[in-house]
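One structure below.
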Amino acid sequence: MSIWNLLILAVFVVGYIWPTTIILKRLGYSPWWALLSVITPLNMIGLWVLARARWPRVEEKL
């Protein structure tokens, strides 16, 4: 791997996966679910599952 490939990977992780993990933590889910956002067909399925699921942190406040 060249230095450019590592730089692109670092930008991708910091710019896309890291914010996704923060959002998932706030919703009460495991940050490992952010790995679904990398695989194209799975990220759409993951968004639908997330949209239809109960959000543990939100329901605590209700």
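Derivation of every value follows stated rules applied to the coordinates shown; laboratory data play no part. Note that the structure is predicted; figures quoted are calculated from it, not measured. Positions of Cβ are backbone-derived with ideal geometry, glycine not excepted, and every protein chain shown enters the neighbour counts.
Before moving on, here are some points about what is shown:
- Inside the stretch 31-60, residues that are over 11 Å from the mean Cα position of the chain (by Cα) and assigned to a helix (DSSP H, G or I) make up a count of 14.
- Subset of the stretch 4-30 that is touching a Pro at 6+ places or on another chain (Cβ under 8 Å) and outside any helix (DSSP H, G or I) - its residue that is surrounded by the most Cβ atoms within 10 Å (Cβ to Cβ): Tyr29
- Failed item, numbered, when Met1 is tested on (1) part of a helix (DSSP H, G or I); (2) out of contact with any helix residue (DSSP H, G or I) (no Cβ under 6 Å at 6 or more places or on another chain); (3) not aromatic (Phe, Trp, Tyr): (1)
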